[in-house]
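A short write-up of the structure that comes next.
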Amino acid sequence: MSPIVSAPTRTVRIGSRKSQLALVQTYWVQEQLQKHYPDCTFEVHTMSTQGDKILDVALAKIGDKGLFTKELEVGMLQNETDLAVHSLKDLPTNLPEGLILGCVSERENPADALVVHEKHKDKQLETLPAGAVIGTSSLRRLAQLRHHYPHLEFKDIRGNLNTRLAKLDEGGYDAIILAVAGLHRLGMSDRIHQVIPAEISLHAVGQGALGIECRAGDTEILNLLKVLEHTPTAQRCYAERALLRTLEGGCQVPIGVNTTIEGDQLTLTGMVASLDGKQLVKDTITGPAENAEQLGIELAHKLREQGAQEILAEIFAQIQREQKH
Ligand code: DPM
């Protein structure tokens, strides 16, 4: 007699931040899982993270890793939730003991976008006037744009997407830089004035992809998540995350990447830049996509040989000096 395999009927509790973007992403995951497992119940549990509460301090100065993820992780470790949906780029490369990256879903366009104030609607990044003020809290965006456009000025900007767009429209900035993926997901693609090419700004590790975290031993959840896994995205992101982990960069460092997969070959480009944009090291590696992590580790070593470590050490010292003030 063959055993009867029944569909799972469990109630699955999904942890999410409360921001509009986080909820759009979480509801998408909930909908996909519900479609595949009609006999399970998928509940969304929202939580505030430290990153949602501290809104007046530049991200880089808070320095803490897992700013947007920690409370969601505690929820899973205390068995109050079963999985958590994150923008993969906000998920630290080292996860707490007992938790793993259960799946990576298909990536949106990972590029950065320029959003301009109305008065600059006939301009591009390369034609903005000297002294134009660009809003970003990303050291990665700042360093790369300074490198290419030393005549532009940069000013911190925090808050959710709507807050940032309002600050731009009110005239506090000439332009701001946001992820294409976030604008797409919120139905605000019309605000994208220019998609910034990879030659100018390499995107953040994991940008545009969702990462779903769960308890390492929860095989039932790990099995459920398989329907959301997108292997090429996962391979690209594993390579990118291995690079970041090996360079020991937190989520707030000027490290940018780009990845492509052709056939079974993965190409990873990585760069590290100083905050003044004057030093920038960049290199590329290609190899079998199934060795994604190894490629990330090797590229990190190549970048180190070219001075990446010294650039990062100087930035950590700079940030620490600023934290004291
Ligand atoms: C991280 C950074 C930013 C977010 C740093 C970086 C941007 C901060 C800023 C690690 N997390 O990108 O170099 O520009 O002030 C964040 C966004 C998304 C996820 C928003 C954005 C949406 C896109 C995605 C914030 N986290 O980058 O515009 O899912 O990748």
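The values are calculated or read from the model by the stated rules, or taken from the named source; none is laboratory data. In this text, all values refer to a predicted model and were calculated from it rather than measured experimentally. When we count neighbours, we look across all protein chains shown, and the Cβ atoms used for this are built from the backbone with ideal geometry, even at glycine.
Checked against the criteria, GLU290 counts as in a helix (DSSP H, G or I) and modelled with pLDDT of 95 or more. For the range 21-35, the candidate set comprises residues that are within 13 Å of the ligand (Cβ to nearest atom) and of a type in the set (S, T, N, Q); within that set, the residue that is farthest from THR9 (Cα to Cα) is GLN25.
Failed condition for ARG141, given (1) away from the ligand (no atom under 16 Å from the Cβ); (2) in contact with an Asp or Glu (Cβ under 7 Å, 6 or more places away or on another chain); (3) among the charged types (D, E, K, R), with all others met? So the condition that ARG141 fails would be (1).
Within the range 185-206, the set of residues being near the ligand (Cβ under 9 Å from one of its atoms) and of a type outside the set (A, V, I, L, M, F, W, C) comprises ARG185, HIS203, GLY206. If you go through the range 231-248 one residue at a time, do you hit one that is at pLDDT 95 or above, over 29 Å from LEU139 (Cα atoms) and surrounded by fewer than 18 Cβ atoms within 10 Å (Cβ to Cβ)? Taking every residue of the range 231-248 in turn, at least one turns out to be at pLDDT 95 or above, over 29 Å from LEU139 (Cα atoms) and surrounded by fewer than 18 Cβ atoms within 10 Å (Cβ to Cβ). Comparison of GLY263, GLY277, GLY217 shows that the only residue that is at positive phi and exposed (fewer than 14 other Cβ atoms within 10 Å of the Cβ) is GLY263. Total residues in the range 181-195 satisfying the condition of being within 18 Å of the chain's Cα centre (by Cα) and hydrophobic (A, V, I, L, M, F, W, C): the figure is 4.
Residue count for the range 143-168 under the criterion of being within 19 Å of the chain's Cα centre (by Cα), surrounded by fewer than 16 Cβ atoms within 10 Å (Cβ to Cβ) and small (Gly, Ala, Ser): the result is 1.
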